[in-house]
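Values quoted throughout were computed directly from the atomic coordinates according to the rules given, and no laboratory measurement underlies them. Predicted model only: the values in this text are computed from it and were never measured. Every residue, glycine as well, gets a Cβ built from its backbone with ideal geometry; the counts of neighbours run over all protein chains shown.
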């Protein structure tokens with residue numbers, strides 16, 4: 001089990017901090033080449049045009065464009081109008097393929113309807129559009145742009161809507177049981193002024209154009225830090241006045257570009273995404289050779305897929321609002337104009353795949369009352385007489401301790417101070433009674449907090465024989481151990497390199513005191529630990545270095561063996577934090593470790609040489625409205641029957657970023673059955 005402290009980052013984008021990331025305009029910019037459009041669509045019937053996408057279906061492709069109050073219009077590959085679809089007044093659209101819908105995988109278009117400020121979803125079969133939204137999906141703000149992102153972990157579809165008030169609203173799109181699509185808000189990010197368009201890549205980055213400021217880049221995964229970066233800006237870089245449309249081209253390594261409409265100047269700027277979005281040059285687009293360039297290029301769209309002989313490396317669509325149509329430019333032509341290599345066609349490049357298994361939580365707890373980085377570490381008590389009455393004890397390291405039931409409901413909050421880590425052992429002999437003993441590290445008074453768990457009432461009762469000082473400057477990492485003779489111990493580390501071991505001794509007064517029996521040292525910060533009562537081993541995470549094995553016995557000394565070093569396994573990333581043991585009986589089972597640096601959980605064999613068996617991540621459960629888990633400090637694992645849905649045990653983990661919607665931190669509960677299935681592990685029957 002046993003946790004950590006992490007700094008939870010905010011989601012507001014700060015221009016003041018990030019302006020240093022911009023480039024200085026080069027006086028050496030040459031006159032921009034003017035590219036003649038390979039083809040253009042007929043003007044829209046309404047005489048208005050905002051955006052367009054190219055939709056592929058086998059050998060046949062269609063252009064779908066917005067047409068003001070005329071909704072959506074569908075054009076043939078050569079630009080001829082084929083039909084229309086009422087959709088309100090559409091500001092922007094995007095397309096995603098192979099989206100689960102009913103018993104099939106569909107091509108889905110997401111559209112922003114400005115008449116209702118809502119997200120609308122359509123499936124496309126041939127040249128026909130069909131609305132498939134399960135219900136009205138209001139956004140609650142004046143939206144301007146839309147882009148879609150597929151999470152490479154589990155292929156979950158997310159929609160980003162950007163707005164006139166600087167909103168960046170992320171929605172999870174999912175299929176319903178009746179063959180429709182629904183959406184849930186995941187998080188909201190804001191910038192100070194209007195946004196025009198956004199675009200996401202397959203590697204988890206989203207770019208957004210803030211009209212009067214510049215171009216932002218941030219993480220698309222809601223379980224990752226936002227990590228905003230200003231790519232280019234007005235006055236300090238290559239944006240003349242206002243940036244409008246943006247699009248991404250991916251021709252493989254060395255040929256990945258960001259294309260942005262510097263609308264006021266009539267230019268399209270190109271940036272090298274493989275070189276930290278360095279500026280590459282600019283072009284203009286005209287309707288035909290020798291013709292006048294588009295005065296203010298609007299929203300953009302890039303298809304990386306080869307489309308016939310005219311577009312061997314894909315196509316760039318440029319909205320021409322003055323002509324009320326869409327211009328199509330060959331990527332090969334664009335590359336040639338700036339002496340760039342277009343790379344390989346997208347169809348020959350495999351989509352990124354993940355070696356990390358994806359699982360979902362089925363229960364989440366009520367959020368902690370404290371703001372910021374507050375929730376930290378849980379411990380599971382299994383009620384063998386009535387598994388459904390099992391309990392989770394968890395900490396709020398700014399305020400105290402919680403007791404939750406297996407539905408995540410708070411049964412007790414104990415305001416005992418900055419309680420960081422917690423663990424428990426059953427059958428502790430206290431005043432002639434076998435009790436569940438719970439210990440925790442209290443950073444307020446630097447003591448070992450000691451409780452008896454009243455299992456019937458679901459409450460903690462203080463049984464410490466007065467303050468039990470740790471002698472540590474800032475105690476937080478903690479785990480417990482029961483040796484073969486029946487003695488019970490607690491391990492605690494602080495903010496230095498020491499880890500200390502105390503024996504827990506019952507007094508005749510019904511109270512418990514801690515008696516120091518051992519000191520251990522490490523080379524750097526430790527925190528997460530778990531002790532194996534069966535094998536007598538202690539496992540400790542030295543956060544940036546390794547998972548260590550030591551003797552858990554009081555006479556075990558300081559000898560340690562590295563089970564896994566961070567530098568030796570690319571699947572784990574510092575900090576290593578909480579951990580727990582899944583017991584299969586007979587000394588067999590698994591050790592689960594929080595790899596906080598990449599929001600995953602590494603699984604090692606409990607016995608033998610502790611072989612690494614794989615990693616899993618906890619992703620969003622859209623049907624239940626439970627987000628994934630990230631920035632995990634503490635966790636616990638149990639193989640006991642914990643009631644309906646958790647018959648084979650569960651993992652409980654702290655969630656450092658509680659979104660969908662954004663709330664204070666909490667804990668998520670994942671059935672062991674889904675972890676076992678994802679990684680081909682055993683379950684205890």
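Separation of the range 320-398 and the range 623-685, taken as the distance between their Cα centroids, equals 17 angstrom. Note on residue 462 and residue 190: the extension gain reaches 93.4 nm, defined as 0.36 nm multiplied by sequence separation minus the Cα-Cα distance.
Maximal additional length on extending the residue 224-residue 104 stretch stands at 40.1 nm, based on 0.36 nm per residue less the C-alpha distance.
Averaging Cα coordinates gives a centre for the range 55-126 and one for the range 172-208; these two points are 17 Å apart. Ordered by the count of other Cβ atoms within 10 Å of each Cβ, fewest first, 76, 209, 255 give 76, 255, 209. Expressed to the nearest 5 percent, the antiparallel share of DSSP beta bridges inside the chain is 95 percent. Working from label points 7 Å from Cα in the Cα-to-Cβ sense, the residue 288 to residue 509 distance is 9.9 nm.
Here the gap between residue 413 and residue 341, fully extended at 0.36 nm per residue and compared with their Cα-Cα distance, gives a gain of 19.8 nm.
Using the Cβ-Cβ distance between residue 130 and residue 484 with R0 set to 45 Å, the FRET efficiency works out to roughly 0.10. When each of the peptides 577-586, 556-565 is scored by the mean number of other C-beta atoms lying within 10 Å of its residues, the order from highest to lowest reads 577-586, 556-565. Ranked by how many other Cβ atoms sit within 10 Å of their own Cβ, fewest first, the residues 433, 321 fall in the order 433, 321. Under the shape rule built on the C-alpha gyration tensor, where the axes satisfy a ≥ b ≥ c, the range 382-460 is oblate, since a/c reaches at least 1.5 while a/b does not exceed b/c. Distance from the alpha carbon centroid of the range 535-557 to that of the range 458-510 works out to 17 angstrom.
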